[in-house]
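A.B. asks: Sharing a structure here in structure tokens format.
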Amino acid sequence: MACWSLIALLALSQTSSAHYTKFPEGFTFGVATAAYQIEGAWNVSGKSENVWDRLTHTRPDMIADGTNGDIACDSYNRYREDVEELAYLGVDFYRFSLSWARILPTGQVNYLNPDGIRYYNDLLEALEAKNIEPLVTLFHWDLPQSLQDLGGWANPKMIEYFRDYADVCFREFGDKIKSWITFNEPYEICEDAYGDEKKAPAVNSHGVGNYLCSDTLLKAHAEVYHLYNDTYRSKQNGKVMISINSIWYEPKDPENAEQVTLAEVANQFKFGWFAHPIFTEEGGYPSIMVENVARQSEAEGYPRPRLEQFDEYWIQRIKGTSDFLGINHYTTHLITGAGVDPVAKSPSWLKDIGALTTMEVGEESASEWLRVVPTGFANLLRWCKSSYNDPPIYITENGVSDRGTLQDYKRIQYFNDYLTEILNVIYEDGVNVLGYTAWTLMDNFEWRAGFSERFGLYYVDINDPALPRTPKLSAEYYRQLTNTRELPQDDRFKDPAKVHDEF
Ligand SMILES: *[C@@H]1O[C@H](CO)[C@@H](O)[C@H](O)[C@H]1NC(C)=O
Ligand SMILES: *[C@@H]1O[C@H](CO)[C@@H](O)[C@H](O)[C@H]1NC(C)=O
């Protein structure tokens, strides 16, 4: 394909200065999953309904292939197989999430579900037996429906409820867990689920609910960090972080000053929205964001800004509450100029940014939003180093989708090219990247895409009731990577159709 070779050439020309293949001593590798996407067992063993159960059951038309997570990969029953796969891959750690509705069916701590507690203890023991470290996410989008009925993350009461839930998790599982993630992808939670209807609970309170959510979420994150820091850390010796996702924005024309400025604005609105309050010395939301939303809100007739800056107490309370910067990264989009995107609702986060974007960059994947742009990853990482005072970084998700194939050369190429950029920024720029997490262990329920977009290292046949997991070629690639700590160069990982291209 002409397009592919052009991109390959571009990637080559931009990375040809360096030929790093070996990861530094102590660098760790893992893979990630999330409870709703793999567990299934949605209504057994005392688990209650969560917002994804509700959305998939009441609005199956909103899921690309009409599927849901009722069974998913059935990991609730097949976790031992999952652990065997993890051991085969040779990963140092496994990132998974806890299902709040499975542990606390009422959403509150008045009742602990023994089966839910037992399930995660069994999983943790199975991992321990294989010497695989758990990296555990407290919240990966599956809020108990009973709490959503009270407003979910738009309700400030959630600060207490999330702290209560985390307290139970630290107490019940904390002896076996050294690394915690509070929230996975706060942007997706607040913008996609409250400011839009792209994710459950699809509140679609654009320009308002998204900012109420971030206010609650950042406070809830800080309270859980302090709970751990003050009460559990001395006994359990673990770390707590947040995983922030990024679509990285770059100017389409790097010589165009307006595009350069607007790309920075967009990155502040996207990444800075959640990173600035936690990882900067100054704290609080990025000033450009506060100013833009205030100006827009006034023009739209609102009596006060739709996004309110934190008061001094909360600025201090939130600052510094993450031991690492967790980054989920997949893709880069381009900024083409000032303006309001024709799809932007009013009011909205997108309109508040005031920039036009395009996805016409890099090679396509099975996901419309996901283009392959490895150099954007390096630029994001350098930007994080300079914007956030050189934080220690874990890549907590990275990967690419296809429609499902065992000979997944494009996924291997993606891993190779994105991992090469990590090596470049570590060795050339001194960016402190400590670990890497591939998304994902196996094909799973990819939210509104259902099973139509597949990101797994293992192929899952969802038409076979046994849900067999088969290693793709990328699983062999990843296994070799974890074994050698070096980017595999073998011919068998190269697409025979493009055998002349260098890795
Ligand atoms: C659980 O949900 C399934 C559909 O996924 C349904 O067939 C079954 O009857 C439900 N079981 C209970 C105990 O409600
Ligand atoms: C965590 O606890 C330590 C020891 O008590 C304290 O010095 C530090 O400031 C705390 N971290 C935050 C972000 O409050």
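The values are calculated or read from the model by the stated rules, or taken from the named source; none is laboratory data. These numbers were taken from a predicted model, which means no experiment stands behind them. Note that we place each Cβ from the backbone using ideal geometry, even for glycine, and neighbour counts take in every protein chain shown. These accessible areas exclude ligands, DNA and RNA; they are computed on the full protein's heavy atoms, side chains included. Shrake-Rupley method; radii C 1.70, N 1.55, O 1.52, S 1.80 Å.
A.B. asks: Could you derive backbone 3J(HN,Hα) for the range 51-68 from the dihedral phi with the Karplus parameters 6.51, -1.76 and 1.60 (θ = phi - 60°), listing whole Hz in sequence and x where the residue is Gly or Pro?
C.D. replies: 5, 7, 4, 5, 5, 5, 7, 8, 10, x, 5, 7, 9, 3, 10, x, 7, 8
A.B. asks: Would you please put 282-290, 414-422, 232-240 in order of how densely packed they are, using the mean number of other Cβ atoms within 10 angstrom per residue and starting with the highest? Numbers along the way, then the final one.
C.D. replies: Numbers: 282-290: 18.2, 414-422: 22.2, 232-240: 15.7.
Output ranking for 282-290, 414-422, 232-240: 414-422, 282-290, 232-240.
A.B. asks: When N is the residue count of the range 25-110, what does its C-alpha Rg come to as a fraction of 2.2 N^0.38 Å?
C.D. replies: With N residues counted in the range 25-110, Rg over 2.2 N^0.38 Å equals 1.27.
A.B. asks: May I ask you to give the percent of accessible area on the chain that is carbon plus sulfur, with a probe radius of 1.4 Å?
C.D. replies: The C+S portion of the solvent-accessible surface of the chain is 50 percent.
A.B. asks: Charges only on Cβ, +1 for Lys and Arg, -1 for Asp and Glu: so what's the dipole of the range 3-493 about the Cα centre, in debye to the nearest 20?
C.D. replies: 600
A.B. asks: Also, quick follow-up: Evaluated at 10 °C with a viscosity of 1.306 mPa s, what Stokes-Einstein diffusion coefficient in µm²/s does the range 319-360 have when Rh comes from the Kirkwood expression over alpha-carbon pairs?
C.D. replies: Numbers: Rh = 12.7 Å.
Reported coefficient: 125 µm²/s.
A.B. asks: If you don't mind, there's one more thing I want to ask. Go ahead and estimate [θ] at 222 nm for the chain from helices alone: -39,500 (n - 2.57) per DSSP H run with n ≥ 4, summed, over the residue count, rounded to 500. Walk me through the numbers on the way to the answer.
C.D. replies: Values: 18 runs with 194 residues, N = 503.
The helix-only estimate for the chain comes to -11500 deg cm²/dmol at 222 nm.
A.B. asks: Which of the peptides 24-37, 484-497, 329-342 is most tightly packed, and how do the rest follow, going by the mean number of other Cβ atoms within 10 Å of each residue?
C.D. replies: Numbers: 24-37: 20.9, 484-497: 13.9, 329-342: 18.5.
The densest-packed peptide leads the list: 24-37, 329-342, 484-497.
A.B. asks: Provide the descending list of Cα extents for the range 94-187 along its principal axes, expressed in whole angstroms.
C.D. replies: Extents along the principal axes, in whole Å: 41, 30, 17.
A.B. asks: While we're on this one: Which one, Pro465, Ala438, Gly450, is farthest towards the positive end of the dipole of the range 414-477 when Lys and Arg carry +1 and Asp and Glu -1 on their Cβ?
C.D. replies: Farthest towards the positive pole: Pro465.
A.B. asks: Amide H to amide H under 5 Å from Tyr94: which residues, 5+ apart in sequence or cross-chain, H placed 1.01 Å off N in plane?
C.D. replies: Glu133, Leu135
A.B. asks: Is the shape of the range 387-491 best called rounded, prolate or oblate, per the rule: a/c under 1.5 gives rounded, else a/b larger than b/c gives prolate, else oblate, with a ≥ b ≥ c the square roots of the Cα gyration tensor eigenvalues?
C.D. replies: prolate
A.B. asks: Apply the a/c threshold of 1.5 to the C-alpha gyration tensor of the range 258-302 and tell me whether it is rounded, prolate or oblate.
C.D. replies: Numbers: a/c = 2.71, a/b = 1.32, b/c = 2.05.
Oblate, since a/c reaches 1.5 and b/c is not below a/b.
A.B. asks: On average, how much accessible surface per residue is there in the range 50-124, in Å², for a 1.4 Å probe, leaving out ligands, DNA and RNA?
C.D. replies: That works out to 35 Å² per residue.
A.B. asks: Could you check how many percent of all C-alpha pairs in the range 3-493 are farther apart than 33 Å? Walk me through the numbers on the way to the answer.
C.D. replies: Working: 40934 of 120295 pairs.
Roughly 34 percent, rounded to a whole number.
A.B. asks: While we're on this one: Starting at the first residue of the range 174-184, write each ³J(HN,Hα) from the Karplus equation 6.51 cos²θ - 1.76 cosθ + 1.60 with θ = phi - 60°, in whole Hz, x for Gly and Pro.
C.D. replies: Whole-Hz 3J(HN,Hα) from phi for the range 174-184: x, 5, 9, 10, 9, 9, 10, 10, 6, 10, 9.
A.B. asks: Which number do you get for Rg(Cα) / (2.2 N^0.38 Å) in the range 256-396? Could the numbers behind the result be given before it?
C.D. replies: Numbers: Rg = 16.1 Å, N = 141, 2.2 N^0.38 = 14.4 Å.
Normalised by 2.2 N^0.38 Å, the Cα Rg of the range 256-396 equals 1.12.
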